[in-house]
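All remarks here apply to the structure that follows.
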Amino acid sequence: MNPAGPTDQSRAATNTADWASTPIGRVAAPVREQVLNVLRQAILDFQLRPGQRLIERELIERLGVSRATIREVVARLVTEGLVTIIPQRGAIVSTLSADDAADIYEMRAPLEALAAQRFVERASEQQVKDLRAAFEGLERMVNASNLERIRAKDAIYAVLLEGAGSPPLAQMLNILQGRVRMLRATSLSVPGRPEQVVQEIRVIVEAIERRDSELAAAASATHVRNAARVALRQLAHVQELEAEVEP
C-alpha cells in the first residue's frame, strides 16, 4: 500500500476496520512491546493513515489483547508524537501542521549535519561501503512506490547513524523518526522530488567517501532545507484546498 500523501489525509478512514492485522502471538517479547511495535509500524507504513481514528474496541478485537495494554500503548504513541488525543473524539493518528513541520525541519538540519560529520570521523571503511550500497538501493527506488522510496531512505539513515557512533545523536533523531517519515511521504510525493533527493544524497555520500566532513555536513543541511521547502509548500497547498471545502 502506498503511503497517504497530504491530499489523502482528509479522506482517511474513520476507524481501523480496513487495517490488515493479526492477533498478537505468544513470543518472548512482552505483549505490550509487541503491540507497540505492530501499531507503530502500521502508522509508519501508512496502513493507519494520518487523521484515522484508533478505536479501542476494534484494536482489542483485532490484536487479541487487553484494554489496559491498548491504553498503555496508545499513551506511549502519544509521547512519540504518532498519536494525538482529540477531546470528544479519542485517539487519532497524528497529522502535522505546517508550523509543526517547519519546527521539525529546523531541528533536523543541524542533527543530520552532525550525523554526517561524525560518520566521516568515525565510520569504518566497511560502513562507508554499506552507505554506498544503501544509496544505490535508493537510486533503484526512484520510480517505485512512495513507501518503497521511504524505506530505501530509512536504510540510508540507519547506516549513517550506526557509523556516526553517537548514541545521544541517534536517540534524538529516532525521537523525530515517526514525524519525519510523515514529512518524507509529503515531500517524496511531489513530482520530480525523488530525482532531486537522489542527487542531494549522492553529494553527501561522495563527500563522505572523500572523508570531507565539512562538505558532508553542509550537503546534509542543504538536503533538509530543500526537503523543507518542498514539503511546506505542499502542506500549505493542501491546507488551502481543505479551507475551500469547509462549509
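Does Glu200 fit the bill of being of a type in the set (D, E, K, R), touching a helix residue (DSSP H, G or I) at 6+ places or on another chain (Cβ under 7 Å) and assigned to a helix (DSSP H, G or I)?
yes
Mind counting the residues in region 203-232 that are outside any helix (DSSP H, G or I) and touching a residue at least 12 places away in the same chain (Cβ under 8 Å)?
Counting residues in region 203-232 that are outside any helix (DSSP H, G or I) and touching a residue at least 12 places away in the same chain (Cβ under 8 Å) gives 2.
Would you pick out the residues in region 120-155 that are touching a Gly at 6+ places or on another chain (Cβ under 8 Å) and assigned to a helix (DSSP H, G or I)? Steps first, answer last, please.
Initially, region 120-155 is screened for residues touching a Gly at 6+ places or on another chain (Cβ under 8 Å), giving 122-124, 127-128, 130-131, 146, 152, 155.
Within region 120-155, Arg122, Gln127, Val128, Asp130, Leu131, Asn146, Ala152, Ala155 meet the criteria.
Go through Ala144, Ala123 for me and flag whichever is farther than 19 Å from Ile43 by Cβ and either of a type in the set (Asp, Glu) or crowded, with 21+ Cβ neighbours inside 10 Å (or both).
Ala123
Which of (1) among the polar types (S, T, N, Q); (2) closer than 16 Å to Gln177 by Cβ; (3) touching a Lys or Arg at 6+ places or on another chain (Cβ under 8 Å) is the odd one out, the single condition Thr69 does not satisfy?
Single failed check for Thr69: (2).
Spot the failing condition for Glu56; the list is (1) touching a helix residue (DSSP H, G or I) at 6+ places or on another chain (Cβ under 9 Å); (2) modelled with pLDDT under 60; (3) surrounded by fewer than 19 Cβ atoms within 10 Å (Cβ to Cβ), and only one is missed.
Of the numbered conditions (1) touching a helix residue (DSSP H, G or I) at 6+ places or on another chain (Cβ under 9 Å); (2) modelled with pLDDT under 60; (3) surrounded by fewer than 19 Cβ atoms within 10 Å (Cβ to Cβ), the odd one out for Glu56 is (2).
Which is touching a Pro at 6+ places or on another chain (Cβ under 6 Å) and either of a type in the set (S, T, N, Q) or farther than 15 Å from Arg108 by Cα (or both), of Leu147, Leu215?
On the way: Leu215 fails: touching a Pro at 6+ places or on another chain (Cβ under 6 Å).
Answer to the selection: Leu147.
Among the residues of region 43-52, are any touching a strand residue (DSSP E or B) at 6+ places or on another chain (Cβ under 9 Å) and in a helix (DSSP H, G or I)?
yes
Is there a residue being in a helix (DSSP H, G or I), surrounded by fewer than 20 Cβ atoms within 10 Å (Cβ to Cβ) and free of Cβ contacts under 8 Å to residues at least 12 places away in the same chain anywhere in region 108-117?
Within region 108-117, not a single residue is in a helix (DSSP H, G or I), surrounded by fewer than 20 Cβ atoms within 10 Å (Cβ to Cβ) and free of Cβ contacts under 8 Å to residues at least 12 places away in the same chain.
Looking only at region 90-104, decide whether some residue is among the small types (Gly, Ala, Ser), at pLDDT below 95, within 17 Å of Ile204 (Cβ to Cβ) and buried (at least 17 other Cβ atoms within 10 Å of the Cβ).
No, the conditions are met nowhere in region 90-104.
Listed here are the residues, each with its yes/no results for (1) farther than 28 Å from Arg149 by Cβ; (2) outside the structural domain of Ile175 (by TED's automatic domain parsing); (3) surrounded by 13 or more Cβ atoms within 10 Å (Cβ to Cβ); (4) in contact with a Phe, Trp or Tyr (Cβ under 8 Å, 6 or more places away or on another chain).
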{"residue": "Val31", "(1), (2), (3), (4)": "yes, yes, yes, no"}
{"residue": "Leu39", "(1), (2), (3), (4)": "no, yes, yes, no"}
{"residue": "Leu48", "(1), (2), (3), (4)": "no, yes, yes, yes"}
{"residue": "Leu63", "(1), (2), (3), (4)": "yes, yes, yes, no"}
{"residue": "Arg71", "(1), (2), (3), (4)": "yes, yes, yes, no"}
{"residue": "Gly81", "(1), (2), (3), (4)": "no, yes, yes, no"}
{"residue": "Ile86", "(1), (2), (3), (4)": "yes, yes, no, no"}
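Condition first: over 28 Å from Ile104 (Cβ atoms), assigned to a helix (DSSP H, G or I) and touching a residue at least 24 places away in the same chain (Cβ under 8 Å). Now tell me which residues in region 53-93 satisfy that.
Glu56, Glu58, Arg62, Leu63, Thr69
If Thr22 passes every condition in (1) loosely packed, with under 14 Cβ neighbours inside 10 Å; (2) of a type in the set (Val, Ile, Thr); (3) at pLDDT 90 or above but one, which one does it miss?
Thr22 satisfies all of (1) loosely packed, with under 14 Cβ neighbours inside 10 Å; (2) of a type in the set (Val, Ile, Thr); (3) at pLDDT 90 or above except (3).
Anything in region 178-195 that is crowded, with 16+ Cβ neighbours inside 10 Å and either not basic (Lys, Arg) or not in a helix (DSSP H, G or I) (or both)? List them, or say none.
Gly178, Val180, Met182, Leu183, Ala185, Thr186, Ser187, Leu188, Ser189, Val190, Pro194
The values are calculated or read from the model by the stated rules, or taken from the named source; none is laboratory data. Keep in mind that this is a model prediction, so the values were computed, not measured. In this analysis, Cβ positions are derived from the backbone assuming ideal geometry, glycine residues included, and neighbour counts consider all displayed protein chains.
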